[in-house]
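Take a look at the structure set out below.
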Amino acid sequence: MKFADEFRNKAIAQGIARAIGGEVSSQRAYRFMEFCGGHTHAISRYGLEDLLPANVRMIHGPGCPVCVLPASRIDMAIRLVDRPEVTLCVYGDLMRAPGSQGQSLLRAKALGADIRMVYSTLDAIRLAEQAPSREVVFFAIGFETTTPPTAVMIRIAEKKRLKGLSVFCNHVLTPSAMHSILENPKIRDTGGVPIDGFIGPAHVSTIIGTQPYEPLAEQFGKPIVIAGFEPLDVLQAILMLVRQVNEDRNEVENQYSRVVTREGNRRAKDEVSQIFELRAQFEWRGLGLVPNSGLKLKPAYAQFDAETRFAIHDLRVADNPACECCAILRGAKRAVDCKLFGTVCTPETPIGSCMVSSEGACAAYWTYGRVRDEPLRRTS
Amino acid sequence: MCLSVPAKIAKILPNDMAIVSIDGISLEISIALVDELEVGDCVLVHVGYALAKIDPVEAERTLELLQELGSAGERRS
C-alpha cells in the first residue's frame, strides 16, 4: 500500500535500531510512553521492543478510546437500548467492551436489543433516513480523530431534518489526559512510573496539530515526538526522543510531517467547535475523573443529544477489583502482572477493556508478545 | 479506533463525497473535512472520512531521512 509499505522496511528498521543502540547512554534509563493504542499495536506487531536496548523501555499509555471508556458509559447505553423505540449504532470494537456485571452491548444485542454495528457515521445517517419512526442513537466514542465525523453527522442530520437521529457523546481529549498522567498526584505517587518522554498521537494530531502539546512539553519538561503508526515511524520517534533526552531538550517534534502540521486540520477543528463544548469533567477508566477532558453537545444542539433527549443519568460503577487495566493504562503494571491475564481474561472472554480492543495493551501482548516471553517465563 | 488507511482519490462525487481506491478496492467516503482535493491525491481515511491529505514531498523527505538513519546505524555496527 502506498505510504504504508515503504515505512515497513526491515533493513532500515535494523539500521535505525542500531543507531538507537549507539546513541543511548548506558548510565541511564529511557522510559517512553506511547500514548496511542495504534503505537502499542505497531510496537507489539512488529516486535520493535526486541530491537531496542535493554535500558529503553516503552510504557503503554491510555490512548485507546474503548480501553478508557468506563463501564458506567456501557451500562448507560444498555439502559438506553432497553427502550423499544431505540436503535443504537456503534463502532464494532465497542460491542464486547465490558460493562458492569458481565454486561456488554453484544450480550444486550443477543437478548434482543436493536444494536447495529456501523463503520461510519454515514451509516447512522442512512439508518435514520430508512427508519424515520425509530430513534437512531449513535454511540459516539473516540479521541480528536473520530470527533469531526460525528460533528459532520450532526450537521447533515440538521440539514436533512432527521428528527430521529441523536448522539450519545463519549468523545475525549488527548492533551487533557496527558496532562492528567503527568500532574495527577495519585497517579504520580501511587503506582505511576517515571516517564522521560512521549510518543505523541499520529491521527489525533492530524486534526489538532502539534501546537496543543507545546505547553505540556514546556510545563512538565518532557520531550514529545508526534509519530506515524508504521514501524519505521515509531523507531525514528524513539531515536528522536533519545536524542532529546541526551541533549536535555524538551521540545515537541514532528516525525509525521507527511500528514501532521503545527496547526492541524482547521476545517475539522471548526466543525467540532461549532457542535461541541467541554464537559467540566469526564470519567476515564484508569485515570478517574479528568477535568476538561470530554466533550458534549452545545445546548443549541440539545435535540441531537441522547443524554438530554432520553434523560440518561450519570452512573458510577466500580471496575472488577481483580482487573489491573487501570494500572496498565497508566503505565504502572504490564499485562503479565495481572492475574486475570490469559486465564479468565482473553480476547474471547475479556474482563477488562485493555483486552477488548485490538489496540489495547493486553490484547496486543496476548496476540504478539506472550510467545516471545515464554522461554523467559519458563526459566524464571 | 484511531487507525486510518492511506487511499487515493479516484473520483470526486457531489455532496462532499468521493470514491477512493485502497490497494485496488473502491470505497465511497466523505471528503467534508478536507479542503481542495483532486483526483490522484492521497488521503488518510478513517471511519469513512478523509481526515488529511498526505503530502508526497514530506513523505519522500521522511523516507530519505529514514534511509540515512538506517545506513548510519549500519556503519556504526
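Shielding by partners for A:138-147, please: the mean number of other protein chain Cβ atoms within 10 Å of each residue's Cβ. Present the calculation step by step, with values, prior to reporting the outcome.
Values: counts 0, 0, 0, 1, 4, 2, 1, 10, 6, 0.
Whole-number average of other-chain Cβ neighbours for A:138-147 is 2.
Given labels modelled 7 Å from the Cα in the Cβ direction, how far is it in nm from A:LEU278 to A:SER100?
2.9 nm
Working out 0.36 nm times the residue gap between A:PHE220 and A:THR343, then minus their Cα-Cα distance, what length gain in nm do you get to one decimal?
40.4 nm
Residue by residue through A:353-362, how many Cβ atoms from other chains fall within 10 Å of the Cβ on average?
Whole-number average of other-chain Cβ neighbours for A:353-362 is 1.
Would you calculate the separation in nanometres between label points at A:SER25 and A:GLU263, each defined as 7 Å from the Cα along the Cα-to-beta-carbon direction?
About 3.9 nm separates the two model spin labels.
Step through the table entries A:LYS159/A:LYS269; A:LYS159/A:LYS296; A:LYS269/A:LYS333, compare each Cα-Cα distance with 25 Å, and write down the pairs that go over it.
Beyond 25 Å between Cα atoms: A:LYS269/A:LYS333.
Where Lys and Arg each count +1 and Asp and Glu each count -1, what net charge lies around A:SER72 among other residues with Cβ under 11 Å from its Cβ?
Net charge in that neighbourhood comes out at 0.
Quick check on the protein assembly as shown: helices-only [θ] at 222 nm, where DSSP H runs of length 4 and up contribute -39,500 (n - 2.57) each and the sum goes over total residues. Nearest 500, please.
Per the formula, -10500 deg cm²/dmol.
Go ahead and set up a Gaussian network model of chain A, Cα springs under 10 Å, then flag whichever of A:GLN244, A:GLN27, A:GLN130 fluctuates most.
Comparing A:GLN244, A:GLN27, A:GLN130 in a Gaussian network model of chain A, the most mobile one is A:GLN27.
For region A:294-326 and region B:13-60, write down the distance between their C-alpha centroids in whole Å.
32 Å
Among A:VAL290, A:VAL136, rank each residue by its count of other Cβ atoms within 10 Å, from fewest to most, as a rough exposure measure.
In order of increasing Cβ crowding within 10 Å: A:VAL290, A:VAL136.
Just want the ordering: B:MET17, A:MET178, A:MET58, from fewest to most Cβ atoms lying within 10 Å of their own Cβ.
Lowest count first: B:MET17, A:MET58, A:MET178.
Name the residue, out of A:GLY228, A:GLY21, A:GLY352, whose mean-square fluctuation peaks in a Gaussian network model built on chain A with Cα pairs under 10 Å.
A:GLY21
Taking the Cβ of A:ASN254 as the centre, find all other residues whose Cβ is under 13 Å away and add up their charges (Lys, Arg: +1; Asp, Glu: -1).
Taking every other residue near A:ASN254 into account, the sum is -4.
Relative to the longest principal Cα axis of chain A, at what angle does helix A:370-379 sit, 0 to 90 degrees, rounded to 10?
Here the helix axis deviates by roughly 50 degrees.
When Cβ neighbours within 10 Å are restricted to other protein chains, what is their mean count per residue of peptide A:80-91?
Taking all residues of A:80-91 together, the mean is 0.
Please work out the FRET efficiency for the pair A:ALA11 and A:GLU251, using the Cβ-Cβ distance as r and a Förster radius of 25 Å; give the result to the nearest 0.05.
With R0 = 25 Å, the Cβ-Cβ based efficiency is 0.25.
Could you tell me the distance between the Cα centroids of region A:107-122 and region A:1-58, to the nearest Å?
38 Å
Counting only DSSP beta bridges with both residues in the protein assembly as shown, what percent are antiparallel, rounded to the nearest 5? Numbers along the way, then the final one.
Details: 27 of 60 bridges.
The answer is about 45 percent antiparallel.
Between the helical axis of A:174-183 and the dominant principal axis of chain A, each derived from Cα atoms, what acute angle in degrees is found, rounded to the nearest 10?
Value to nearest ten degrees: 60.
What distance in nm separates the simple spin-label points at A:LEU289 and A:VAL336, each placed 7 Å from Cα in the Cβ direction?
Result: 3.8 nm between the two label points.
Restrict the search to region A:236-267; then list the GluC sites (Glu not before Pro) that DSSP places in a loop and that have at most 11 other Cβ atoms within 10 Å of their Cβ.
Those that pass, being in a loop and sparsely packed, are A:GLU247, A:GLU263.
With a ≥ b ≥ c taken as the square roots of the eigenvalues of the C-alpha gyration tensor of region A:331-370, please select rounded if a/c is under 1.5 and otherwise prolate if a/b is larger than b/c or oblate if it is not?
rounded
Which ordering of A:SER180, A:SER257, A:SER353 is given by a fewest-first count of other beta-carbon atoms within 10 Å?
Sorted ascending by nearby Cβ count, the order is A:SER257, A:SER180, A:SER353.
With everything on Cα atoms, drop me the angle between helix B:56-76 and the longest principal axis of chain B, reported from 0 to 90° to the nearest 10.
The angle comes out at about 20 degrees.
Throughout, read-outs are computed from the coordinates displayed, never taken from laboratory work. What you see is a predicted model; the values in this text were computed from it and never measured. Don't worry about glycine lacking a Cβ; one is built from the backbone with ideal geometry, like all the others, and counts go over all protein chains shown.
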